[in-house]
Amino acid sequence: MKNNLQNSTSTIDKRLEWQTVKSIMKEKFGIEIFESWLKKIELIDEFNNYILISVPTRFIRDWITSRYLDQILKIVKEFKKDIIRIEFKVRENKLIIENEVQTDSKEQKNNNISFIKDSFLQYNRIDPNKNFENFITGTSNKLAFEASKKVSQDIAHYNPLYLYGGVGLGKTHLLNAIGLNLKEKNKVMFISAERFMYQFVKSIKSNEMVKFKDYFRNTDILLIDDIQFMNGKEAMQEEFFHTFNALLDKGSQIIVSADRPPNKLSRIQERIKSRFSGGLVVDIQIPDYELRYKIIKSKTDELKLFYSNQIKITDEIQKFISSEVRSSIRELVGSLNRIVSFSRIYNKVPSLPEVKIILKDLLNLSENKVTIDSIQTIVCKFFKISKNEMLSPRRSRYLVRPRQTAIYLSKMLTSKSLPEIGRAFSNRDHTTVIHSVKTIDKLRKEDNELNINIDSLKNKILYKQENEI
Ligand code: ADP
Ligand code: MG
């Protein structure tokens, strides 16, 4: 890391190593904030004095801008000192969902590479927080859970155990729990298939093949995560197969996870697939509502305990998340973390419309744009003035407040720039827009009635078009 820093500052032309920037963000802001808000930032392009990044939603953009942007800029400056600002692009909803899986695996790759240390002996991390006790079961994962427990009690009975299922459904959690359970009394090796490949290649290059073989063949329990990434490379598969057989022969337990069943693995030798199929193959399916709700409830309780009961997330919201965030448990837990970080910063229980904004990129609601025009209409109706009055140059008090409110809401609820908003209000200057936003922001803190009015206007705007948030 240090080396990187020095190298990059001395060569200005060098491209930013975005993964490194992100890993520094993770360190600096902590895992909770990183996972909730920053993980999905992508670098789109670099220019002489600014960079363009993308985020999933406007809300996340605003959130990052108001809380973390200064510090992110500082980090970026360490690498490229000429950068003086950061610009955002908000990604389209659809695109994110499609890209999700790809970025995930890409990220995994980069992470793996950047974390590799001197020797594979050092890589054997088992996370104490992913255990059997906090793994919540339902119809979709009960079999996988029970098989994993069984394997931890009764080694080499089901061998190998092959767990498969989609992204974020708990495979790594279960593998980790098995490792945790067995590591007191056994030599446990927990490794991702990608890292296995990397270590393999590295051992060949550094003439340490013997060490590599010995190490793997000496383990009692071999846990290999995401075996679908172990493809190609004949020599490596050969080695893996030998290791695999040697371990089975001596009664070691092997546990493998993958995103698909053995016969669907591509570019993996038939005989390896058939050995996988020969053990116990169990899948984890997408969680149903009941399990999702159970997980949300239990995680909320856990968080409450952690924050000494300062966390309040209404049952309505818990149910909402459980019913809307469906595809993975990782996203489900991630949603909750975001809401908690929102509620801690604002020191308030988020409302349902707010939750919809916070989680927009994770929800599958179809998009319907909030326009400045619709904001003006609703605000005018609320304050009982005409649109002509709102757009007129007149500065009577009864017009100024509604106008400022509409401008403020346009800034909050659309992705329009300050000049664009100014133009939509009879060509007002962008400084007028800034002034209005600041004024309302300030008033919201002082004037409770106005604050309530604005919240209710926001709901009207968002709800009138039921799907837009
Ligand atoms: P996978 O490896 O299948 O992609 P993970 O094991 O990494 O998924 O799970 C994603 C996140 O969801 C982790 O934080 C994990 O602890 C959590 N998780 C998954 N399943 C459960 C469960 N049944 N109960 C509690 N937490 C879970
Ligand atoms: Mg995993």
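So if each residue of separation counts as 0.36 nm, and I subtract the Cα-Cα distance between Arg423 and Asp455, what length gain in nm does that give?
My answer for the length gained is 9.0 nm.
Along the positive direction of the dipole of the chain (beta-carbon charges: Lys, Arg +1; Asp, Glu -1; about the Cα centre), which of Pro350, Val282, Ile227 reaches farthest?
Final value for the positive-end residue is Pro350.
Can you tally the net charge around Asp70? Count Lys and Arg as +1, Asp and Glu as -1, for every other residue whose Cβ sits under 14 Å from the Cβ of Asp70.
Once all neighbours under 14 Å are counted, the net charge is +4.
Pop out the ³J(HN,Hα) list for segment 189-194 in order, Karplus 6.51 cos²θ - 1.76 cosθ + 1.60 with θ = phi - 60°, rounded to Hz; leave Gly and Pro as x.
Going residue by residue, I get 10, 10, 8, 7, 4, 4 Hz, with x marking Gly and Pro.
For every helix of n ≥ 4 consecutive DSSP H residues, a contribution of -39,500 (n - 2.57) applies; sum these over the chain, divide by its total residues, and give [θ] at 222 nm rounded to the nearest 500 deg cm²/dmol.
Computed mean residue ellipticity for the chain: -17500 deg cm²/dmol.
Treating only the Cβ of Lys, Arg, Asp and Glu as charged (+1, +1, -1, -1), what charge dipole size does segment 136-256 show about its Cα centre? Round to the nearest 20 debye.
In total the dipole reaches around 220 debye.
Among the listed pairs Lys39/Lys185; Lys89/Lys297; Lys250/Lys273; Lys299/Lys445; Lys77/Lys233; Lys77/Lys445, give every one whose C-alpha distance is greater than 29 Å.
Over 29 Å Cα-Cα: Lys39/Lys185; Lys89/Lys297; Lys299/Lys445; Lys77/Lys233; Lys77/Lys445.
Place +1 on the Cβ of every Lys and Arg and -1 on the Cβ of every Asp and Glu in the chain, take the dipole about the Cα centre, and give the residue among Met209, Pro128, Leu450 whose Cα lies farthest towards its positive end.
Leu450
What FRET efficiency, computed as 1/(1 + (r/R0)^6) with R0 = 35 Å and r the Cβ-Cβ distance, is obtained for Lys250 and Ile31, rounded to the nearest 0.05?
My answer for the efficiency is 0.35.
Simple spin-label model, 7 Å along Cα-to-Cβ: Glu184 to Asp288 in nm?
About 3.6 nm, to one decimal.
Efficiency by 1/(1 + (r/R0)^6): what FRET value for Glu446 and Thr139, r their Cβ-Cβ distance, R0 = 41 Å, to the nearest 0.05?
0.20
Size of the dipole of the chain about the Cα centre, Lys and Arg at +1 and Asp and Glu at -1 on the beta carbon, nothing else charged, in debye to 20?
1300
Place +1 on the Cβ of every Lys and Arg and -1 on the Cβ of every Asp and Glu in the chain, take the dipole about the Cα centre, and give the residue among Leu305, Val340, Ile385 whose Cα lies farthest towards its positive end.
The residue sitting farthest along the positive end of the dipole is Ile385.
Only the coordinates and a few stated rules stand behind these numbers; no lab work does. Remember, it's a predicted structure, so these values are computed and weren't measured experimentally. Neighbour counts run over all protein chains shown; Cβ positions are idealised from the backbone, glycine included.
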